[in-house]
1. Please work out the Cα center distance from the range 39-62 to the range 70-126, rounded to the nearest Å.
2. I want to make sure I understand the PRE zone here: with the label point 7 angstrom from the Cα of Thr71 toward its beta carbon, which residues in the range 32-60 have backbone N atoms less than 15 Å away?
3. Quick one: angle between helix 83-99 and the longest Cα principal axis of the chain, in degrees between 0 and 90, rounded to 10, please.
4. Between Phe88 and Glu150, what length comes free when the chain is fully extended (0.36 nm per residue of separation minus the Cα-Cα distance, one decimal in nm)?
5. Taking amide hydrogens as modeled 1.01 Å from N in the peptide plane, which residues meet the under 5 Å criterion relative to Ile73, leaving out close sequence neighbours?
6. Sorting Tyr37, Tyr20, Tyr29, Tyr122 on the 10 Å Cβ count, fewest up front, what's the list?
7. For the range 36-136, what are the per-bin percents of Cα-Cα distances with bins 10 Å wide, up to the bin holding the maximum?
8. Within the range 79-118, what residues put their amide N at less than 18 Å from the label point 7 Å along the Cα-to-Cβ vector of Ser46?
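We did not get these values from a lab; they are worked out from the coordinates using the rules stated. As the structure is a computational prediction, the values presented were derived from the model and not from experiment. Methodologically, a virtual Cβ is constructed for each residue, glycine included, from the backbone with ideal geometry; neighbour enumeration extends over all protein chains shown.
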Amino acid sequence: MTSAPKTVLHLLEQVDSFPYNNEANPTIYNGLISSFYKFWLHNSESCVGWIHPWVKQKMPFGENWSVDEVTKIIRPCRAILLFSEQQFVIAQTLEEARDKKIFQVVSGKGWRSERYPIYGLYGTQVGIERGGAPLFGMVNCGVHCTAYIETKAGLKIRVPRRASNRPTHPGMLDNTVAGGMAFGDGALTTLVKESTEEADLPEELVRKYAKSCGTVSYFHIQAKRDGEESGLLQLTVKYVYDLNLPESMLLLPKDDEVESSELLTIGQVRKALANREFRPSSIMVLLDFLIRHGFITAENEPNFAEIVSRLHRRLPFPLSPEGTCIA
């Protein structure tokens, strides 16, 4: 069990837990990196994930895979070049792992029957079963929306509790709306879908009033708690939205993924954060919210600059094929 955090920075470090490349002492970082196998796709032009050695040993990489023990590169074999063919091989391999119950993340409820895109310089032309993404140590993206109301007593946040039967982080507190970005979906599309499913929010309200507030990103090493599988790599980008709601508006769970929902004061949210009652991704998004709304500042937080920097970690793999021209 992870110990209770002593400071905001300590709390953040429990989520953004992969070591940084510290030039003064690079041993830990370099040791970890050199132990991983590199996951490549043909025509990807770059590594798209890191595979842990114990995952490589257990994964049923068969004749359709090339595993080079010298370069430590794992990719579909050279006869399989089309993106559609590579996607099929990945799916086939994960289905075998699921059927043999090799990994917790793709067994039982861990199998989501939903594809995440594999990001790279070529765009997002290959999808992977959502539950299997941490096994390949690749970047995954999601959307988080913090719905809040402004009262005479101060700002309050609508906080749901995850259902006890969820495959990951059961029974923990969460952000108002949260969900992974499936293959082919953008951030706003995902937000609208999840808002309707989880909080019964009308699409027109979300599209009109949800405010895009950037992203948070982090590199998490999963721990054996909250439904996580110890040692797996979780490289995450969350697209962040705020939604200011009228005080009279109730948000009722619409699906079975949410157990309950309540309005919490900022003090109650901070106490729940300190007690590690929120799931990891929600911790990062709520810290960002508290900073943007002036509850955590340079005047009341000695580690302010470090915290802001750590909420926007640069990840080692490409996220898009090209940028947007400024002018």
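1. Computed from Cα coordinates, the inter-centre distance equals 9 Å.
2. 37-49
3. 80 degrees
4. So the chain would gain 17.4 nm between Phe88 and Glu150.
5. Counting only residues 5 or more places away or on other chains, the set is Lys38, Asp68.
6. Least crowded to most crowded, the residues run Tyr20, Tyr29, Tyr122, Tyr37.
7. 16, 53, 30, 2
8. Only 117-118 fall inside the zone, counting backbone N under 18 Å.
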